[in-house]
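Reviewing the structure listed below.
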Amino acid sequence: MGSEDSARETYPELISEPRKVGWIWWVYLFLYAVAIPWYWPAGYRGPLVAGFPLWVAVSLTAILVLAIWTVWVIQRFWRGVGEDA
């Protein structure tokens, strides 16, 4: 018995879920890569954006987009029995 079968037994009302759609994970990977400021040079501040250094503004924007993306993915791909597509 695979993990998909056990998940189906645990949640029989679930028809579709986002983790089974491969390209969604690539978008998550990209957004997390942008949100984590590891690619900025050490000590770099750059111009201020809304009072924040550029790297902070980019990270906060990426986190906001990540939250919006998650909401869209759940609304679009998470389907249960009896829900409209």
Within the set of pairs 6+ apart or on separate chains, which have a first residue in region 28-40 that is more than 10 Å from I63 (Cβ to Cβ), a second that is hydrophobic (A, V, I, L, M, F, W, C) and surrounded by 11 or more Cβ atoms within 10 Å (Cβ to Cβ), and C-beta atoms under 7 Å apart?
P37/W55; W40/W55
Could you grab me the full set of residues in region 28-58 that are in contact with a strand residue (DSSP E or B) (Cβ under 7 Å, 6 or more places away or on another chain) and within 29 Å of I74 (Cβ to Cβ)?
A57
For region 18-42, name all the residues that are more than 13 Å from the chain's Cα centre (by Cα), aliphatic (A, V, I, L, M) and part of a helix (DSSP H, G or I).
none
Show the residue pairs meeting these rules: Cβ distance below 7 Å; 6+ apart or different chains; first residue within region 8-27 and closer than 15 Å to R76 by Cβ; second residue loosely packed, with under 12 Cβ neighbours inside 10 Å and modelled with pLDDT of 70 or more.
P18/I74
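Take the conditions in a loop (DSSP other than H, G, I, E, B) and modelled with pLDDT of 80 or more and apply them to R45. Does it pass?
Working: in a loop (DSSP other than H, G, I, E, B): yes; modelled with pLDDT of 80 or more: yes.
Here the answer is yes, as R45 does meet what is asked.
The values are calculated or read from the model by the stated rules, or taken from the named source; none is laboratory data. All of these numbers come straight from a predicted model, not from anything done at the bench. Cβ coordinates were reconstructed from backbone atoms using ideal geometry, including for glycine residues, and neighbour counts include every protein chain displayed.
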